[in-house]
1. Kindly state which strands (runs of 3 or more DSSP E) lie completely within the range 173-276 and contain at least 1 residues that are within 21 Å of residue 104 (Cα to Cα).
2. Looking at the range 126-140, can you tell me whether even one residue there is at pLDDT 95 or above and at positive phi?
3. When you check residue 259 against the structure, is it over 16 Å from residue 46 (Cα atoms) and of a type in the set (Phe, Trp, Tyr), yes or no?
4. Check off (1) acidic (Asp, Glu); (2) touching a strand residue (DSSP E or B) at 6+ places or on another chain (Cβ under 6 Å); (3) assigned to a loop (DSSP other than H, G, I, E, B) for residue 93 and give me the number that stays unchecked.
5. Hey, among 128, 124, 85, 120, which residue is more than 19 Å from residue 184 (Cα to Cα) and in contact with a Pro (Cβ under 6 Å, 6 or more places away or on another chain)?
6. Test residue 114 against the stated conditions and say whether it is among the small types (Gly, Ala, Ser) and out of contact with any helix residue (DSSP H, G or I) (no Cβ under 8 Å at 6 or more places or on another chain).
7. Suppose the filter is in a loop (DSSP other than H, G, I, E, B), closer than 20 Å to residue 90 by Cα and within 14 Å of the chain's Cα centre (by Cα); does residue 282 pass it?
Amino acid sequence: MKPLSSALLFCALLCACDDSDPGSPDSGTQVERGPRAIPLEGDPNGLFWDATTQTLYIADDQNHRLLKYRDGEGVSVAATLPDAPANSPNLGEVVRLQDGTLVTVRFGFGNAGAVLFVRPDGTPGTVPGLPVNRRRIGLTVTKDGRLLDSYFVRNNNVNVGSVAHVTLEGTETELVGALQKPVGVLAVEDTLYIADQIAGKVYRSPLSNPSSLTTLATIAEPDLLALGPGGSLLTGTRQGSVLRISTTDGSTSALATGFQQVRGLAYDAVNRRLFAADHDDDETNGTTHFLQIIPVD
């Protein structure tokens, strides 16, 4: 069942990242807690909630760009990314570094994998020298500012997956190997969480020894990961659910259901609402992708 849609507030397109200070919403701006489904002119994948500026960043998997959502303003283009390859614009997670740089990854289907960034002044770029055969999906930033990505390569139709420490200068050093299809990767304090979609596992390990994995939860095809209410983890499913995972005992419960395919998630703890990238995989009747806003009480 598709969720109800509402009118899309889509601002004028920008050629590059908006370098004006977004500040915070005016005191008179009403916070949209939902439930609300905002149809998008694009296909959302990774989401990042910037609590400081009250801005949600959205990786547009379809158009090789970053969108943003703000209460009272709706959805607009935050940045158009460079070097979009033909037939392979697909973007994964999006994060923001401590200096304000936005970073995302391109899947690339084995021939155009990349790490892309947009500086605070709006300058976009591509991290140089990285192997293009790595199908990158996940990103996270550790509390000390390190950038980690997840990827896999396909050798003779067999996936070999890893999580690595990547720098914008062009290094990518493996931290965790022997994975199959690592999609979600999330650093929370001193712990690393990894969602392996083919293995159907959510792993955790200490960041001091990231390859020392233990299984936290067993879930069919977990996707990108986000930090949720009460220190829980959140992930989406292809069956249209948002799952909450206890980091204490690995138990899972449905936080929200009834969507299409849930990809990226972002939680606004102050306003107790969840943002979800709702992907429509039905190409026979025309696709409609949504940004879902879900109240969490």
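1. It comes to 182-188, 191-196, 225-227, 233-236, 261-268.
2. Scanning the range 126-140 turns up at least one residue that is at pLDDT 95 or above and at positive phi.
3. Yes; evaluated as a whole, the condition is true for this residue.
4. (3)
5. That would be 124, the only listed residue that is more than 19 Å from residue 184 (Cα to Cα) and in contact with a Pro (Cβ under 6 Å, 6 or more places away or on another chain).
6. no
7. no
Here is a yes/no grid of residues against (1) in contact (Cβ under 8 Å) with a residue 60 or more places away in the chain; (2) β-branched (Val, Ile, Thr); (3) more than 20 Å from residue 90 (Cα to Cα):
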residue: 233; (1), (2), (3): no, no, yes
residue: 245; (1), (2), (3): no, yes, yes
residue: 250; (1), (2), (3): no, no, yes
residue: 271; (1), (2), (3): yes, no, yes
residue: 278; (1), (2), (3): yes, no, no
residue: 289; (1), (2), (3): yes, no, no
residue: 294; (1), (2), (3): yes, yes, yes
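The values are calculated or read from the model by the stated rules, or taken from the named source; none is laboratory data. Note that the structure is predicted; figures quoted are calculated from it, not measured. Using ideal geometry, Cβ is built from the backbone for each residue, glycine included, and neighbour counts are taken over all protein chains shown.
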